[in-house]
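A short worksheet on the structure shown next.
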Amino acid sequence: MTWVDKDKWAATSTLTPRVRQNYHGQLAKAGRWLAAEHPEISGPADWTRATCASWVARVDRMMIGEFIQRTVVVAARRGEPLSPRAKAGLLNAVRAFFRDCQAWEWIPCRFDPVRALSTPRSVKALIGPKPRVIADDIWAKLLWAGLNLEPADVPPRSGQAYPIE
């Protein structure tokens, strides 16, 4: 198998077309990194846990504009560090690819993609909620609803029957 199997993976995957297209771009970025830093690796079957560790470390230090094809799009932000969400997304795409390739028996199971390509804790810690200002009238409605919530207002969990009244 060669690295171009990302096309075969995209044709087989059950992810939405938009997610597949996004992952396809992320996999191309991983392929460019591989060609630059590990030319001895010719395909997914050649990856090891050490290759994964090298990729995770590289993603953690990656800058905007590295290993991409169209640099015009990011010209203004080129050279800035990737955001924690972008790092997690990049690792998630490669992790999903290897998880599927191993599950579909296209490549041997030489490592656990979930563990070997997991997002580092230091990156996860930087991904947080995006708080936003809620208008006073909407906040008042939410507060009133919360204060007046009764058991009958909450749907039962699966396996529980609705309360009989």
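So which residues in the range 7-22 are under 16 Å from R99 (Cα atoms), out of contact with any Phe, Trp or Tyr (no Cβ under 9 Å at 6 or more places or on another chain) and not in a helix (DSSP H, G or I)?
Residues of the range 7-22 under 16 Å from R99 (Cα atoms): 7-15, 19-20.
With out of contact with any Phe, Trp or Tyr (no Cβ under 9 Å at 6 or more places or on another chain) added as a condition, the list becomes 7, 11, 14, 19.
Of everything in the range 7-22, just one residue is under 16 Å from R99 (Cα atoms), out of contact with any Phe, Trp or Tyr (no Cβ under 9 Å at 6 or more places or on another chain) and not in a helix (DSSP H, G or I), namely T14.
The listed residues are A45, A36, A145, A88, and the only one of them that is at pLDDT 95 or above and either part of a helix (DSSP H, G or I) or closer than 24 Å to A10 by Cβ (or both) turns out to be A88.
Report whether or not D100 is under 30 Å from G25 (Cβ atoms) and modelled with pLDDT of 95 or more. Write out each step before concluding.
Numbers: under 30 Å from G25 (Cβ atoms): yes; modelled with pLDDT of 95 or more: no.
It is false that D100 is under 30 Å from G25 (Cβ atoms) and modelled with pLDDT of 95 or more.
Kindly establish whether G79 is more than 17 Å from A116 (Cβ to Cβ) and not in a helix (DSSP H, G or I). Steps first, answer last, please.
Working: more than 17 Å from A116 (Cβ to Cβ): yes; not in a helix (DSSP H, G or I): yes.
It is true that G79 is more than 17 Å from A116 (Cβ to Cβ) and not in a helix (DSSP H, G or I).
Residues that are among the basic types (K, R) and out of contact with any Pro (no Cβ under 7 Å at 6 or more places or on another chain) occur at least once in the range 6-14. Starting from residues that are farther than 13 Å from K124 by Cα and among the acidic types (D, E), keep the ones in the range 60-100 and report whichever is surrounded by the fewest Cβ atoms within 10 Å (Cβ to Cβ). The extreme case among them is E80.
Please find, among I64, I127, the residue that is more than 26 Å from H38 (Cβ to Cβ) and free of Cβ contacts under 8 Å to residues at least 60 places away in the same chain.
Numbers: I64 fails: more than 26 Å from H38 (Cβ to Cβ).
Of I64, I127, the one residue that is more than 26 Å from H38 (Cβ to Cβ) and free of Cβ contacts under 8 Å to residues at least 60 places away in the same chain is I127.
Looking only at the range 5-26, decide whether some residue is small (G, A, S), over 18 Å from V114 (Cβ atoms) and touching a Gly at 6+ places or on another chain (Cβ under 7 Å).
Scanning the range 5-26 turns up no residue that is small (G, A, S), over 18 Å from V114 (Cβ atoms) and touching a Gly at 6+ places or on another chain (Cβ under 7 Å).
The values are calculated or read from the model by the stated rules, or taken from the named source; none is laboratory data. Treat the numbers as computed from the prediction; the structure is a model and nothing was measured. We place every Cβ from the backbone using ideal geometry, glycine too, and count neighbours over all the protein chains shown.
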